[in-house]
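One structure is given below, encoded as structure tokens.
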Amino acid sequence: VTNLRIPGPTPLPPAVVEAGTREMINHRGPEFAAIITDVTKRLKRWFQTEQDLFLFPSSGTGGLEAAVVNSFSPGETVLGISIGVFGDRFREIGEAYGLNVIHMDVPWGHAADANDVSSLLDQHPDVKGVLITHNETSTGVMNDIRSVGEAIRGRALYLVDGVSSVGGVPIETDAWGIDILVSGSQKAWMVPPGVSMVSVSQRAWEANRNAKLPRYYWDFKRAKSYLERNQTFTTPTLSVFYALQAGLDMMDAEGMDAVFARHRRVAEFTRAGITQLGLQLFAEPSHASDLVTAVKMPEGVDGSALSKAMRTERNIVLGGGQAGLTGKIFRIGHMGYVKEADIEDVLVSLEAILPRLRQGAHAVTAG
Ligand SMILES: *Cc1c(COP(=O)(O)O)cnc(C)c1O
């Protein structure tokens, strides 16, 4: 089997694969009502929220768009904090809908500082909302959502992209003052792509009442009225719901603390192994992600040659660098269904392949 080490979609446990192959059912009938009730209730615990949580048939980006269009009106000002590709994306959604997005840019590889967020809010008292990424999958950096939340509390809506974090690391929606938190099934949940999860606070509902941005598919009010009947507005991605229920069975059996501890352990194992190979980590150590590790491309090594050798010789699929990091880093995903042995396989293979690629580069230069 392929060792799929991209940061989503992540590998599926056999029980999840099997659940996903079940026959279709009436999505307006009692079986689906039981599934959505169960899944929603259990997800709320992983989100640490007692407020509303909606499931949309979409990838994670759809959930981010839902967060934006349900919260603001055209021309309103928001603060978009970006530490990488996905922070940029959240802002682009706001800009596409005509919001005035103030940019806070943090050098890639680093996390946002809560004091900087606080000063920007002092300078721009008209800011209605803050958009931020929890786990920046493109750089392997995790923002401190709790401390940034303290800087924002009571001053603006707090919208968090937790697409690749929720389910793998602790995040306390209600306690940390998060108004909308978005996640995606294909990341830490070890489920195929196709369900986005969106929690909505009481304050987000108050903003929603006056929010004039156009919306149809993503309308929270309609989502709520359907959820009250234990349904979704459109046809749900049924197979992914089956899989999600099976994934949650496994996660709940393992236990929340044990799942988080495993991610932490595997991440530390990854970082230690990479360092032992003489390679350099891309993320600032104090905010290194427990879900994905970005590694600087060693001097003289061609990124596409590395990923090809790993794939064809070792059956390991690594993540590449995105946008400005193309060819400069490679990424090892370790979220969801992952254990140390999966990473050991990557480390042993890197050790075998890298010297040859370095020599190859040297030979080319010399020739
Ligand atoms: C994967 C990811 C997304 C985008 O999710 P899609 O499912 O590809 O739409 C957004 N934000 C983060 C942090 C991600 O890791």
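Here, each number is a calculation from the coordinates, and none is a lab measurement. Fair warning: this is a prediction, and the values are worked out from it, not measured in the lab. Glycine gets a Cβ as well: all are built from the backbone with ideal geometry, and neighbour counts include every protein chain shown.
Quick check on my filter: what residues within the stretch 311-329 are more than 17 Å from Thr10 (Cβ to Cβ), outside any loop (DSSP other than H, G, I, E, B) and touching a helix residue (DSSP H, G or I) at 6+ places or on another chain (Cβ under 6 Å)?
Answer for the stretch 311-329, where residues must be more than 17 Å from Thr10 (Cβ to Cβ), outside any loop (DSSP other than H, G, I, E, B) and touching a helix residue (DSSP H, G or I) at 6+ places or on another chain (Cβ under 6 Å): Arg314, Ala323.
Among the residues of the stretch 270-301 satisfying the criterion of being hydroxyl-bearing (Ser, Thr, Tyr) and more than 15 Å from Trp108 (Cα to Cα), which is surrounded by the most Cβ atoms within 10 Å (Cβ to Cβ)?
So in the stretch 270-301, the residues hydroxyl-bearing (Ser, Thr, Tyr) come out as 270, 275, 286, 289, 293.
This time we only want the ones that are more than 15 Å from Trp108 (Cα to Cα), so: 270, 275.
Values: Thr270: 29, Thr275: 12.
If we take residues in the stretch 270-301 being hydroxyl-bearing (Ser, Thr, Tyr) and more than 15 Å from Trp108 (Cα to Cα), then Thr270 is surrounded by the most Cβ atoms within 10 Å (Cβ to Cβ).
Can you pull out the residues in the stretch 218-275 that are polar (S, T, N, Q), within 15 Å of Lys41 (Cα to Cα) and assigned to a helix (DSSP H, G or I)?
Listed by number, the list holds a single entry, Gln245.
Does at least one position in the stretch 33-40 carry a residue that is closer than 13 Å to Ser199 by Cα, out of contact with any His (no Cβ under 8 Å at 6 or more places or on another chain) and away from the ligand (no atom under 16 Å from the Cβ)?
Here is the first cut: in the stretch 33-40, the ones closer than 13 Å to Ser199 by Cα are 40.
If we keep only those that are out of contact with any His (no Cβ under 8 Å at 6 or more places or on another chain) too, we end up with 40.
Now restrict to residues that are away from the ligand (no atom under 16 Å from the Cβ): 40.
There is at least one residue in the stretch 33-40 that is closer than 13 Å to Ser199 by Cα, out of contact with any His (no Cβ under 8 Å at 6 or more places or on another chain) and away from the ligand (no atom under 16 Å from the Cβ).
Out of Gly62, Gly94, report the one residue that is crowded, with 23+ Cβ neighbours inside 10 Å and either β-branched (Val, Ile, Thr) or not in a loop (DSSP other than H, G, I, E, B) (or both).
Numbers: Gly62 fails: crowded, with 23+ Cβ neighbours inside 10 Å.
Criteria check complete, one pass: Gly94.
Please verify whether the stretch 351-365 includes one or more residues that are surrounded by 21 or more Cβ atoms within 10 Å (Cβ to Cβ) and outside any loop (DSSP other than H, G, I, E, B). Give the derivation first.
Taking the stretch 351-365 as the starting set, the residues that turn out to be surrounded by 21 or more Cβ atoms within 10 Å (Cβ to Cβ) are none.
No, every residue in the stretch 351-365 fails to be surrounded by 21 or more Cβ atoms within 10 Å (Cβ to Cβ) and outside any loop (DSSP other than H, G, I, E, B).
Out of the residues in the stretch 1-32 that are away from the ligand (no atom under 16 Å from the Cβ) and in contact with a Leu (Cβ under 8 Å, 6 or more places away or on another chain), which is nearest to Thr293 (Cα to Cα)? Lay out the reasoning, then the answer.
Taking the stretch 1-32 and keeping what is away from the ligand (no atom under 16 Å from the Cβ), we get 1-3, 13-32.
After this cut, where a residue has to be in contact with a Leu (Cβ under 8 Å, 6 or more places away or on another chain) as well, the list is 20, 24-25, 27, 32.
On the way: Gly20: 29, Met24: 38, Ile25: 40, His27: 39, Phe32: 37 Å.
My answer is Gly20.
Quick one: in the stretch 115-133, which of the residues that are touching a Lys or Arg at 6+ places or on another chain (Cβ under 9 Å) and crowded, with 17+ Cβ neighbours inside 10 Å is farthest from Ser183 (Cα to Cα)?
For the stretch 115-133, the residue satisfying everything is Leu121.
Pairs only if they're at least six apart or on different chains, beta carbon under 7 angstrom, first in the stretch 119-142 and over 29 Å from Ala294 (Cα atoms) and in a strand (DSSP E or B), second more than 10 Å from the ligand (Cβ to nearest atom) and hydroxyl-bearing (Ser, Thr, Tyr); list them, first residue then second.
Val127/Thr77; Lys128/Thr77; Gly129/Ser71
For the stretch 302-337, give me the residue count where each residue is among the aliphatic types (A, V, I, L, M), surrounded by fewer than 20 Cβ atoms within 10 Å (Cβ to Cβ) and touching a residue at least 60 places away in the same chain (Cβ under 8 Å).
Number of matching residues: 2.
Of the residues Ile81, Ile102, only one is within 16 Å of the ligand (Cβ to nearest atom), in contact with a Leu (Cβ under 8 Å, 6 or more places away or on another chain), closer than 21 Å to His124 by Cα and outside any helix (DSSP H, G or I); which? If you could, list the steps in order and put the result at the bottom.
Details: Ile102 fails: within 16 Å of the ligand (Cβ to nearest atom).
Answer to the selection: Ile81.
Limited to the stretch 227-238, what total is found for residues that are among the hydroxyl-bearing types (Ser, Thr, Tyr) and loosely packed, with under 15 Cβ neighbours inside 10 Å?
Let us first name the residues in the stretch 227-238 that are among the hydroxyl-bearing types (Ser, Thr, Tyr), namely 232, 234-235, 237.
Among the residues that remain, those that are also loosely packed, with under 15 Cβ neighbours inside 10 Å are: 234-235.
The number of residues fulfilling the criteria is 2.
Please enumerate the residues belonging to the stretch 300-314 that are more than 14 Å from Ser349 (Cα to Cα) and β-branched (Val, Ile, Thr).
Val301
Take the stretch 144-172 and flag every residue that is of a type in the set (Val, Ile, Thr) and within 16 Å of the ligand (Cβ to nearest atom). Don't jump to the end; show me each part of the working.
Here is the first cut: in the stretch 144-172, the ones of a type in the set (Val, Ile, Thr) are 145, 148, 152, 160, 163, 166, 169, 171.
Residues satisfying the conditions are Ile145, Val148, Val160, Val163, Val166, Val169, Ile171.
Filter the stretch 173-211 down to the residues that are hydroxyl-bearing (Ser, Thr, Tyr) and under 22 Å from Arg262 (Cβ atoms), then identify the one that is farthest from the ligand (Cβ to nearest atom). Steps first, answer last, please.
Keep residues of the stretch 173-211 that are hydroxyl-bearing (Ser, Thr, Tyr), which gives 173, 183, 185, 196, 199, 201.
Now narrow it down to the ones that are under 22 Å from Arg262 (Cβ atoms): 173, 183, 185.
Values: Thr173: 16, Ser183: 9, Ser185: 8 Å.
Checked the stretch 173-211; the qualifying residue farthest from the ligand (Cβ to nearest atom) is Thr173.
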